[in-house]
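Novice: The structure under discussion is supplied below as structure tokens; questions concerning it will follow.
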Amino acid sequence: MSSTRPTRALWLALIGVPLLFVLIVVLQKRIEGHVDAGQQNRDALMLRSPSAVKAMSLGYDSLLADIYWTRTVQYYGQHISREGGHFDLLWPLLDITTSLDPKLITAYRFGAIFLAEPNGFGAGRTDLAVNLVKRGIVANPDSWILDYDLGFLYYWHLRDYKQAAAAYLAGSRVPHAPRELAIMAARMEQKSGSIDTSRILWSQIYDSASNQATRDLALKTLKGLKAKDDEIHLDALAEEYKTRFRHYPSSIDEMRAAGLLNGIPIDPAGYPYVIGTDGKSNLDPRSTVVIPPEAQSSPAEFPH
């Protein structure tokens, strides 16, 4: 009885392999046949259910995933060249592809680009792109590049700096991830206005970095963040001074004389802060401290 099981399995495999290739040929013929665009779209997804396609793959999931990924790229290429083209089948194609082969990193990375690009260049569905990459991260926890892609989606397309920082930080903790991911997380925290969190991250970078250039960058940024934090505090005291005296202080000395300061605050380079006519504090022109652009009230764009 037991000897018949391997025989039966072998027989099923011999039958199954030709059937699989017949299925692939039929799919490709229908997809690539010379038919009108509407019919071609319907043929591209004869089976919209990932579970149904997976069941029909007879164990050759990766091979069929490659077929669907090829079709996805072709579909995107055909529609991006059309004025006002729609990408209605893009997500179903990607859904099937990544369900068949959850390890197909390329499908997550480029699929997210296809989905997130604005109308005319893509589906304009950053929400689906985020979902796709998150799915990829779950299936490939050792791939820091997907955390990077997720951070980019949050930063570039959604302007959600807190989520971008979280994604970059998660990626930085993956073994063998480049240290730049931690730096990007810290900069995203600066853009979100979270100076305390950014300072913590930069301190960790400074303490753990073996590269002197990275340590120098971290130290420079930490000094800038300290100065920015001081300025925020001094600006608040200047507003309090105006509430009392109905005008802004003209100097730090006036604020000290009013009892708002115990001494003369100095920046990390050793220079006292100055107060402008608008009550806003600034660095002394002689100071070597540089406040990071991301910590300014109107942050510059983060390079990508």
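Bear in mind these aren't lab numbers, they're just calculated from the coordinates by the rules spelled out. Please read these numbers as outputs of a predicted model, since none were measured by experiment. All Cβ positions, even for glycine, are placed from backbone atoms using ideal geometry, and neighbour counts span all protein chains on display.
Novice: From the cross-link list Lys134/Lys223; Lys191/Lys220; Lys134/Lys220; Lys134/Lys226; Lys191/Lys242; Lys103/Lys162, which pairs have alpha carbons spaced over 25 Å apart?
Specialist: Lys134/Lys223; Lys134/Lys220; Lys134/Lys226; Lys191/Lys242; Lys103/Lys162
Novice: Residue by residue through segment 204-221, which ³J(HN,Hα) values in whole Hz follow from phi under the Karplus form 6.51 cos²θ - 1.76 cosθ + 1.60 (θ = phi - 60°), with glycine and proline marked x?
Specialist: Listing the rounded values in order: 5, 4, 4, 5, 9, 6, 9, 8, 5, 4, 5, 4, 5, 4, 4, 5, 4, 5 Hz.
Novice: Over segment 146-202, what relative contact order in percent results from Cα pairs under 8 Å that are six or more residues apart?
Specialist: RCO, segment 146-202: 29 percent.
Novice: Short version: ³J(HN,Hα) in whole Hz for each residue of segment 133-144, in order, from phi by Karplus 6.51 cos²θ - 1.76 cosθ + 1.60 (θ = phi - 60°), x for Gly and Pro, what are they?
Specialist: The phi angles translate into 5, 4, 4, x, 5, 4, 7, 9, x, 8, 9, 5 Hz.
Novice: Here's a follow-up. Could you order peptides 94-102, 159-167 by the average number of other Cβ atoms within 10 Å of their residues, highest first?
Specialist: Working: 94-102: 22.9, 159-167: 20.2.
The densest-packed peptide leads the list: 94-102, 159-167.
Novice: For segment 160-229, what's the radius of gyration and Dmax over Cα atoms, in angstrom?
Specialist: Here Rg and the maximum Cα pair distance are 11.3, 34 Å.
Novice: Which order do the peptides 148-156, 125-133, 202-210, 259-267 take when ranked by the mean count of other beta-carbon atoms within 10 Å per residue, highest first? Spell out each step's value before the answer.
Specialist: Details: 148-156: 23.0, 125-133: 21.1, 202-210: 16.0, 259-267: 13.7.
Per-residue Cβ counts within 10 Å, averaged per peptide and sorted highest first, yield 148-156, 125-133, 202-210, 259-267.
Novice: Percent relative contact order of segment 110-259, based on C-alpha pairs within less than 8 angstrom and at least six residues apart?
Specialist: Normalised by residue count, the contact order of segment 110-259 is 11 percent.
Novice: Would you please give the residues with an amide H less than 5 Å from that of Gly122, counting only those at least 5 places away or on a separate chain, with H modeled from the backbone geometry?
Specialist: For Gly122, no residues qualify.
Novice: Let me ask you something else. What is the P(r) of segment 148-304, as percent of Cα-Cα pairs per 10 Å bin from 0?
Specialist: Calculated P(r), rounded to whole percents: 11, 34, 29, 18, 8, 1.
Novice: Using θ = phi - 60° and the Karplus relation 6.51 cos²θ - 1.76 cosθ + 1.60, list the HN-Hα couplings for segment 100-114 in order, rounded to whole Hz, with x at every Gly or Pro.
Specialist: Running phi through 6.51 cos²θ - 1.76 cosθ + 1.60 with θ = phi - 60° gives 5, 9, x, 9, 7, 4, 4, 5, 5, 5, 6, x, 5, 5, 4 Hz.
Novice: Please arrange Met188, Met255 by counting, for each residue, the other beta carbons lying within 10 Å of its beta carbon, fewest first.
Specialist: In order of increasing Cβ crowding within 10 Å: Met255, Met188.
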